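**Student:** Submitted below is the structure of interest, expressed as structure tokens.
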Amino acid sequence: MNVDYIIVGFGLAGLAFAEELLEANKTFVVYEDESQTSSLVAGGVYNAVILKRYTPVWNAKEQLETALSFYQKLEKRFKVKFDQKFQTKKVFKSIEDQNNWFAASDKPKLSSFIDPKIENQKRDGIVADFGFGNVNQTGRIDTKKLVDVYRVYLKLGRKIRYEKFEHQQIKFNEDQLKYKDITANRIVFCEGFGLKQNLFFNYLPLNEVKGELLTIHAPELKIDFLLKSSIFVLPLGYNHYKVGATFNWKDKTSEPSEEGKLDLVEKLKKVIDVPYEIIDQTAGVRPTVRDRRPMIGKHPAYSNLVVLNGLGTRGVMIAPTVAKQLFNHLENGGELDPETDIKRFE
Ligand SMILES: Cc1cc2nc3c(=O)[nH]c(=O)nc-3n(C[C@H](O)[C@H](O)[C@H](O)COP(=O)(O)OP(=O)(O)OC[C@H]3O[C@@H](n4cnc5c(N)ncnc54)[C@H](O)[C@@H]3O)c2cc1C
């Protein structure tokens, strides 16, 4: 088989790059071994504001525009709803917190997202002594549904193989690559935390941050917005909510843990005061980078081996933008943003 590209890994990164290839009528095959779960368990929330510091996400406006039209296009193609739009309500911790919010709402890059009004109305079931602030243009992509639907689509087109990609089996033939029965022009590695086992790119400084989430059933909690306090509570419909997420820098497994559950239960006590039942618990490892920028580009010695990784805690917003940049770089010689180019680690 002769293809333009092999994609290794099919989470949000692999999906966004596959979409670029489909648009450009390029041929490709995906390898997926189901070793990582980040894109399947993600909260899927998109929000242009970093609510810990009241600062804008890097290139927030551009990223959000690209992402929303990307998911809208996929909704049309598959006739499936992936994007659930809602408002986010930030719970204030103190009067000082309210003042910081008010000051942030005046900044040019934040004013279209942050509503300066402080909402003091008490809401049943929610602990919020200092009220809420509203963030606009937020929502959630159902990433599991999206990845699952797209994988079925690839399977029907015989474009996905459910097996582990073995890096040592790549053979370099002049300017092409051979992997088992496939000859390809390039291989793009979109392996998430699986990058650690990649012989060619494991020099990149990827940090693992495990995250866990609970799904709860809380019939007395009637909210149709995302509640953001020390954790988020995200409405799924039918009185079900996703609660998350934890941040664990030591555990590198994708298994749900008792420690993760207790952490979330403890935090949830300070956020809601209605009874609930835990229905499910999931976990995954976020592929993060210390400078909080993705890592894209060609291998310094083998230019037809390429990486797309480091989507961190915001894969939903950033994946479509960086996949586009990478494709343009590979096919049209476009410059990579030095902030995302892996050359910064050479
Ligand atoms: C608990 C949690 C909550 C999150 N919440 C949000 C959120 O609300 N909003 C947001 O934007 N982001 C969120 N994220 C982050 C988001 O999930 C990531 O940014 C994104 O999923 C990373 O996508 P990826 O494709 O790079 O990696 P992954 O999703 O890990 O995909 C990599 C794929 O490569 C496969 N693979 C790896 N090695 C091989 C190999 N050798 N052969 C074949 N296949 C291989 C893996 O099986 C996997 O499917 C969250 C993450 C977690 C864990």
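FYI, it's all coordinate maths here, none of it is from the lab. Bear in mind the structure is a predicted one, so any value in this text is a computation, not a measurement. As a convention, Cβ positions derive from the backbone with ideal geometry for all residues, glycine included, and neighbour counts pool all protein chains shown.
**Student:** List the trypsin sites (Lys or Arg not before Pro) within the range 42-100 that DSSP assigns to loop and that have no more than 14 neighbouring Cβ atoms inside 10 Å.
**Tutor:** Lys52, Arg53, Lys79, Lys81, Lys93
**Student:** Which three extents, in whole angstrom, do the alpha-carbon atoms of the range 192-346 cover along their principal axes, largest first?
**Tutor:** For the range 192-346, the Cα spread along each principal axis is 57, 30, 21 Å.
**Student:** Right, something else. Is there a quick way to get the dipole size of the chain? I mean about its Cα centre, with the Cβ of Lys and Arg at +1 and of Asp and Glu at -1; what is the value in debye to the nearest 20?
**Tutor:** 360 debye
**Student:** Taking only Cα atoms and a 10 Å spring cutoff, compute GNM fluctuations for the chain and point out the largest among Gln168, Gln281, Gln98.
**Tutor:** Result: Gln168 has the largest fluctuation of those listed.
**Student:** If you don't mind, another one. May I ask what percent, to the nearest 5, of DSSP beta bridges between residues of the chain are antiparallel?
**Tutor:** So the antiparallel bridges in the chain amount to around 75 percent.
**Student:** Of Ile342, Ala128, Phe113, which is farthest towards the positive pole of the chain's charge dipole, taken about the Cα centre with +1 and -1 on the beta-carbons of Lys, Arg and Asp, Glu respectively?
**Tutor:** The residue sitting farthest along the positive end of the dipole is Phe113.
**Student:** What pairs from Lys90/Lys117; Lys52/Lys85; Lys85/Lys269; Lys250/Lys270; Lys117/Lys270 go past 18 Å between their alpha carbons?
**Tutor:** Lys52/Lys85; Lys85/Lys269; Lys250/Lys270; Lys117/Lys270
**Student:** If you filter the range 183-250 for chymotrypsin sites (Phe, Trp or Tyr not before Pro), then keep DSSP loop positions with at most 11 other Cβ within 10 Å, what is left?
**Tutor:** Sites meeting the loop and neighbour criteria: Tyr238, Trp249.
**Student:** Enumerate the calculated ³J(HN,Hα) couplings along the range 306-312 in order (Karplus 6.51 cos²θ - 1.76 cosθ + 1.60, θ = phi - 60°), each rounded to whole Hz, writing x wherever the residue is Gly or Pro.
**Tutor:** 9, 10, 9, 8, x, 6, x
**Student:** Out of the trypsin sites (Lys or Arg not before Pro) in the range 204-280, which ones are loop residues according to DSSP with at most 10 other C-beta atoms within 10 Å?
**Tutor:** Lys250
**Student:** Follow-up. Any chance you could list P(r) for the range 150-207, counting all Cα-Cα pairs in 10 angstrom bins from zero, rounded to whole %?
**Tutor:** Spelled out bin by bin, the range 150-207 gives 18, 44, 33, 4 percent.
**Student:** So what's the gap between the Cα centers of the range 7-24 and the range 137-184, to the nearest angstrom?
**Tutor:** Cα centroid of the range 7-24 versus Cα centroid of the range 137-184: 8 Å apart.
**Student:** With helices defined as uninterrupted DSSP H runs, which ones in the chain have an alpha carbon span along their own long axis of at least 15 Å and mean Kyte-Doolittle hydropathy of at least 0.5?
**Tutor:** Long hydrophobic helices here: 12-23.
**Student:** Here is a follow-up. Would you look at the GNM of the chain, springs on alpha carbons closer than 10 Å, and say which of Val271, Val45, Val152 moves the most?
**Tutor:** Most flexible of the set in this elastic network: Val152.
**Student:** Just add up the charged neighbours of Met1: K/R +1, D/E -1, any other residue whose Cβ is under 13 Å from the Cβ of Met1.
**Tutor:** +3
**Student:** Separation of the range 43-72 and the range 231-268 by C-alpha centroid, Å?
**Tutor:** Here the two parts' Cα centres lie 22 Å apart.
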